[in-house]
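Reviewing the structure listed below.
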Amino acid sequence: SIYNGELYDSRNDRPNWARAGFNDSLSAWIMPESMPSPLNSSRNGSLVVQDMLPVRAGSDALHFEVMTDNQQQGYLNPKDIDEIKGAKLTDGGILKPVDMWTSDSGVGTFDLGQNIAGWCRLRFRGPRGFGVSIRYGEALTQPVVSTNFTVHGFRYLSIFAPPNELTPDDVECPFVHSETTLKGHFATSNQIVNQIQHNILWTQLSNLMSLSSSLFCSAQRDERRGWMGDAALTVNEALYNFDLIKFYHNYLNMIVDDQLANGELPDFLPVGNNPSKSNWGSNYPADPNWGSALPTITWQVYRHYSDVQTLKDHYDHIVAYVKYLQGIYNTTGLANFTVRFGDWVPPPPEPMTNGSLIGSFGFLHDVNLLINMSEVLGKKEDTDTYSALYQKLAGEFHQVFYNTSWNFYADGMQAAQVLALALPDVVPANVRGAVINQLVADINQKGNHVTTGIVSTAQIYPILSDNGHHDLALELISSTTYPSYGYMFNNPYENATTTWELWNTPLTGPSMNSRNQAMYSSVGAWFYSHLAGIDLSSNMITIRPRMTSETKKHLMPKLDCQLSTLYGLVHVSYTRDERDTVSNSILLRVTIPPNAQARVMFEPLFVGGQCKVLIEGNKVIWSSDVDTMNDQRFGIEKDSATRLMTVHVGSGHYEFQALWQ
């Protein structure tokens, strides 16, 4: 059982039991019988091939399309990257203990050094009939008791009453997850960011078990649900790192299978009862930011794979869901719009911001995605209809939630400002500066810490980077004090190798407290979209690494990123280290795959900075002295407002140097 583990008696083994024609008259073996079809013909039921890769254990589970240990023609070297806590994905998917000890009572405990989903294989030597109990746990103070025929989330295992003394050679633990391919690699000279990326990768894989993250709401708990809010928040990150198109096709099919006739969606998949959670009640209707999984996953699969067919397949279901939300809105308005979980688990002692604002964000977010989909599919009437609805909602959002006395949204908390800013056309231009200033001021007041839950954390880093505060975003992600990602592996209690469910996990009891939960892994998308600056949302590849100011470049002086795309491998690597280049400059190497076009964008390295010269391959291709292009291979644009420099390139390998004054 996935909830209760396994009791296994090897004395009952029957050789060849899985072969055709097996018969054992000495056991209570029951021969299979034909069953009636499960299809409901009155509801047009049909059998559909599940075109999704299986769950595998060990080396068969993960494949690679990028290099992970050696950077490809990049500036990072081993001296720039400190040792990462935890195991390596390239080690073959089988973990061996890194430590072990035996208690006075004879209980042997093994430490894998890495939190994983899976199980362990153990080698015993003893007489027939001996019994052994195995206890798996994420932390030494909060073990989880169970046996083996299931999937555990764990780092430690204890062996009770073994017939012989065990050594690390007697234990091996396969990492178990849906088969997939690593297609993104991200590394920097910022060790905190590198550890966060490591934790995200291991968390995402641990929470892929035919269902999307969180696979069953964390591998170590008896809950084990495919929460749709977690899936919606992490899909962008997951698709940057892994090839999961068939995985998400299957997940989308599961969502629409459970969609009700009125368009309503559940909070988690599959719909059904958990025997250990009988007090939960119905999982209908979904919180708006949980139901958002249907439009959000559909849109992100399209973005990452140019998969128009997925838009076509699920468009009508998304329209039905938006109409369902619209029906609620017609009764409540945005001021009292529905919410169930809201901006889930902000860091204690911080409260949650206005619940109706959070629910309204989910509604507007999904209407906006529907507009985008209708434009791609050429459904002009729908585009006009939902554009008009969105503009009405955007005006009402501002009118209802904006506090004109204080010039901020709702209670002034970070989440309220972030979610308003993340919605197009909600914050009027004449107050946008005040809202951004409120967000920054609150972050500073909290000692450069976030107060956000899972919904607004997914938005806060891009919002800061896109609104003139990229330095602050880097400072936030580099923090190691509570609450922060860095605190998860820099605290007096334990060093995380996966992403926690709660900001304060070690200080909270075992109830609803996983150390391997994907919902806060959403920040990983920002690593690729902003830190590396890779955008594949159009027919042209855009590379625009966001830059810290010259005085803050120590936060991330070097970066190396590879991304396997439909075009081929895209590679971005830069250095601002003055051992490699002069001050007020950047060296940038890019690889554009065959038959692709790209624009490479250079940001000012300090306020008021202007590009002085652009060099490629030791040849000046543009200079401010003459303001003309000196190389016909490139097209160069200069934006006088933003002072961005854009170079249009074709396929190939390039090394640029941009100097600013």
*Can you name the condition, by its number, that Asn513 falls short on among (1) assigned to a loop (DSSP other than H, G, I, E, B); (2) under 30 Å from Pro545 (Cβ atoms); (3) not aromatic (Phe, Trp, Tyr)?*
(2)
*If you check Val435 against the conditions, is it farther than 22 Å from Phe341 by Cα, open to solvent by less than 30 Å² (accessible area, probe 1.4 Å) and not in a loop (DSSP other than H, G, I, E, B)?*
yes
_Options Ser1, Ser103, Ser27; residue that is of a type in the set (Ser, Thr, Tyr), outside the structural domain of Glu494 (by the TED database), surrounded by 10 or more Cβ atoms within 10 Å (Cβ to Cβ) and farther than 29 Å from Thr203 by Cα_ = Ser27
*Pairs under 9 Å by beta carbon, first residue over 26 Å from Gly650 (Cβ atoms) and free of Cβ contacts under 8 Å to residues at least 24 places away in the same chain in the range 575-597, partner assigned to a loop (DSSP other than H, G, I, E, B) and of a type outside the set (Val, Ile, Thr), six or more apart or different chains?*
Glu578/Pro557
_Restricting the range 545-575 to residues that are crowded, with 18+ Cβ neighbours inside 10 Å and of a type in the set (Gly, Ala, Ser), the residue that is nearest to Leu233 (Cα to Cα)_ = Ser564
_I'd like to know if the range 192-212 contains one or more residues that are more than 17 Å from Lys88 (Cβ to Cβ), surrounded by fewer than 24 Cβ atoms within 10 Å (Cβ to Cβ) and modelled with pLDDT of 95 or more._
yes
*Matching residues in the range 518-544 - criterion: being farther than 19 Å from Lys183 by Cα and surrounded by fewer than 24 Cβ atoms within 10 Å (Cβ to Cβ)*: Ser538, Asn539, Met540, Arg544
*Qualifying positions in the range 598-642 - touching a residue at least 40 places away in the same chain (Cβ under 8 Å), open to solvent by 10 Å² or more (accessible area, probe 1.4 Å) and of a type outside the set (S, T, N, Q)*: Arg599, Met601, Glu603, Pro604, Phe606, Val607, Lys612, Val613, Ile615, Glu616
*Looking only at the range 310-352, which residues are open to solvent by 10 Å² or more (accessible area, probe 1.4 Å) and among the hydroxyl-bearing types (Ser, Thr, Tyr)?*
Tyr324, Tyr329, Thr331, Thr332, Thr338
*In this structure, does Asp222 turn out to be modelled with pLDDT under 95, acidic (Asp, Glu) and open to solvent by 20 Å² or more (accessible area, probe 1.4 Å)?*
yes
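The values are calculated or read from the model by the stated rules, or taken from the named source; none is laboratory data. Keep in mind the model is a prediction, meaning the values are calculated, not measured. FYI the Cβ positions are ideal-geometry reconstructions off the backbone, even for glycines, and counts take in every protein chain you see. Heavy atoms of the whole protein, side chains included, go into the accessibility calculation; ligands, DNA and RNA do not. Shrake-Rupley method; radii C 1.70, N 1.55, O 1.52, S 1.80 Å.
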